[in-house]
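Enquirer: The structure follows.
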Amino acid sequence: MISLAVCSAKGGVGKTSVVLGLASAALHRGASTLVVDLDPQADATSGLDVTAQRAHDVASVMQAPKRRVAEEAVAPSGWVDDHPGLLDVLSGSDASAGLDTPSADEEALKSLRRALKKLDDHALALLDTPPSLNGLTRSAWRAADAVLVVSDASRFSVAAVDRTVRELRALRQGPRVVGIQVNRFNQRSGEQRFRYEELQGLFGDLVLEPLPDRASVPQSQGAGVPLHSLRTRTARSLAAQFDAVLDRVLPPA
Ligand SMILES: Nc1ncnc2c1ncn2[C@@H]1O[C@H](COP(=O)(O)OP(=O)(O)OP(=O)(O)O)[C@@H](O)[C@H]1O
Ligand SMILES: [Mg+2]
């Protein structure tokens with residue numbers, strides 16, 4: 001299983017939307033995927049249309065990283081009623097907020113990694129994280145092979161990306177930074193173009209093609225369906241961008 005953590009120090013930049021777009025791309029490709037919802041807001045769990053009630057959730061799994069607890073926390077996404085196991089969710093819950101401390105010790109930070117080792121029957125794990133660099137995001141970094149940093153193209157976000165990448169690079173045996181994904185990009189804004197070029201100056205090829213601001217993103221989320229199922233031109237174009245990002249993380253066979 002290849003695992004990708006999607007993170008940012010800033011809120012509302014599109015982490016969950018990128019996780020959902022990548023889950024949609026993986027489903028389109030037929031790659032079995034586990035989405036791990038670390039955000040106490042549990043938006044990914046809701047966006048993936050999880051309705052099944054489970055005895056456990058990601059917080060109880062991190063507190064007791066045993067196979068039985070982990071398996072009992074996994075629920076199927078409503079996107080794939082007819083294909084059990086193709087897209088599953090380690091469900092989020094507000095209980096995980098208690099684990100999002102800046103002072104979590106190394107043992108606690110490794111519990112998610114231990115739990116995911118027991119859930120390795122998917123090709124891909126996508127880890128959605130809360131907007132902070134505290135215990136939950138740091139747990140995701142320890143569990144992940146690769147990290148995608150999401151950002152908007154604004155001055156404060158460039159500083160946040162810089163801080164995030166520096167922290168990642170300072171980790172011993174940390175995950176590979178697979179890319180910096182600018183989201184909700186408005187090509188007509190000179191300020192946004194300037195900030196995008198600033199990111200390219202700092203991080204070169206790591207800066208991926210920006211995802212534009214398009215109504216098909218909230219539309220697919222509102223309808224509770226994968227982006228790849230929308231037939232509009234803009235949805236197809238975004239879907240192709242997510243396919244390309246997925247190729248970087250999970251090269252096609
Ligand atoms: N490319 C896009 N075009 C249009 N709207 C978008 C795009 N990406 C995200 N959005 C919208 O922006 C809002 C915030 O996105 P999202 O919830 O994915 O951000 P987030 O980083 O996960 O937020 P949080 O930090 O609260 O977890 C959502 O309403 C989402 O539908
Ligand atoms: Mg989110």
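The values are calculated or read from the model by the stated rules, or taken from the named source; none is laboratory data. None of these values were measured; they are calculated from a predicted model. Note: ideal-geometry Cβ built from the backbone for every residue, glycine included; neighbour counts use all protein chains shown. The accessibility values were calculated without ligands, DNA or RNA, using every heavy atom of the protein model including side chains. Shrake-Rupley method; radii C 1.70, N 1.55, O 1.52, S 1.80 Å.
Enquirer: Could you tell me which residue of the stretch 138-157 is farthest from the chain's Cα centre (by Cα), considering only residues that are closer than 27 Å to Gln192 by Cβ, crowded, with 21+ Cβ neighbours inside 10 Å and not small (Gly, Ala, Ser)?
Expert: Asp152
Enquirer: While we're looking at this one, here's another question. For the stretch 221-244, which positions are assigned to a helix (DSSP H, G or I), more than 22 Å from Val149 (Cα to Cα) and of a type outside the set (A, V, I, L, M, F, W, C)?
Expert: Correct list: Gly222, His228, Ser229, Arg233, Thr234, Arg236.
Enquirer: Something else now. Within the stretch 43-53, identify whether any single residue is within 16 Å of ligand 1 (Cβ to nearest atom) and without any contact (Cβ under 8 Å) to a residue 24 or more places away in the chain, and answer yes or no.
Expert: For the stretch 43-53, residues within 16 Å of ligand 1 (Cβ to nearest atom) and without any contact (Cβ under 8 Å) to a residue 24 or more places away in the chain: present.
Enquirer: Return the residue satisfying two criteria in turn: it lies in the stretch 169-181 and is of a type in the set (A, V, I, L, M) and either farther than 20 Å from Trp141 by Cα or over 14 Å from the mean Cα position of the chain (by Cα) (or both), and of such residues it is surrounded by the fewest Cβ atoms within 10 Å (Cβ to Cβ).
Expert: Restricting attention to the stretch 169-181, the residues satisfying the condition of being of a type in the set (A, V, I, L, M) are 170-171, 177-178, 180.
Narrowing further to those that are either farther than 20 Å from Trp141 by Cα or over 14 Å from the mean Cα position of the chain (by Cα) (or both): 170-171.
Details: Ala170: 8, Leu171: 12.
Checked the stretch 169-181; the qualifying residue surrounded by the fewest Cβ atoms within 10 Å (Cβ to Cβ) is Ala170.
Enquirer: Also, quick follow-up: Looking at the stretch 83-180, what helices (runs of 4 or more DSSP H) fall wholly within it and have at least 3 residues that are within 16 Å of ligand 1 (Cβ to nearest atom)?
Expert: Numbers: elements: 106-109, 111-117, 135-143, 155-169.
Output list reads 135-143, 155-169.
Enquirer: Filter the stretch 1-25 for residues that are open to solvent by 10 Å² or more (accessible area, probe 1.4 Å), part of a helix (DSSP H, G or I) and more than 14 Å from Thr137 (Cα to Cα) and give the result.
Expert: Ser17, Leu20
Enquirer: Take Ala31 and decide whether it is open to solvent by 10 Å² or more (accessible area, probe 1.4 Å), farther than 21 Å from Ser220 by Cα and not charged (D, E, K, R). Quick ask: steps written out before the conclusion?
Expert: Details: open to solvent by 10 Å² or more (accessible area, probe 1.4 Å): yes; farther than 21 Å from Ser220 by Cα: no; not charged (D, E, K, R): yes.
Answer is no for this residue.
Enquirer: Would you confirm whether any residue within the stretch 39-55 is among the small types (Gly, Ala, Ser), modelled with pLDDT under 95 and touching an Asp or Glu at 6+ places or on another chain (Cβ under 8 Å)? Don't jump to the end; show me each part of the working.
Expert: Kept after step one, since they are among the small types (Gly, Ala, Ser), are these residues of the stretch 39-55: 42, 44, 46-47, 52, 55.
Next cut, modelled with pLDDT under 95 only: 52, 55.
Narrowing the set further to residues that are touching an Asp or Glu at 6+ places or on another chain (Cβ under 8 Å) leaves 55.
Yes, the stretch 39-55 contains at least one residue that is among the small types (Gly, Ala, Ser), modelled with pLDDT under 95 and touching an Asp or Glu at 6+ places or on another chain (Cβ under 8 Å).
Enquirer: Further, regarding this structure: Need pairs with beta-carbon distance below 6 Å; first residue closer than 15 Å to Leu171 by Cα and within the stretch 134-159, second β-branched (Val, Ile, Thr) and assigned to a helix (DSSP H, G or I); sequence gap 6+ or separate chains.
Expert: Ala146/Val249
Every residue, every condition in (1) open to solvent by 20 Å² or more (accessible area, probe 1.4 Å); (2) outside any loop (DSSP other than H, G, I, E, B); (3) closer than 19 Å to Ala123 by Cα; (4) of a type in the set (Ser, Thr, Tyr), yes or no:
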position	(1), (2), (3), (4)
Leu27	yes, yes, yes, no
Asp39	no, no, no, no
Ser46	yes, yes, no, yes
Ala52	yes, no, no, no
Ser60	yes, yes, no, yes
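Enquirer: State all residues of the stretch 201-225 that are exposed (fewer than 13 other Cβ atoms within 10 Å of the Cβ) and either more than 19 Å from the chain's Cα centre (by Cα) or in contact (Cβ under 8 Å) with a residue 40 or more places away in the chain (or both); if no residue qualifies, say none.
Expert: Those that are exposed (fewer than 13 other Cβ atoms within 10 Å of the Cβ) and either more than 19 Å from the chain's Cα centre (by Cα) or in contact (Cβ under 8 Å) with a residue 40 or more places away in the chain (or both): Gly201, Gly204, Asp205, Ala215, Ala223.
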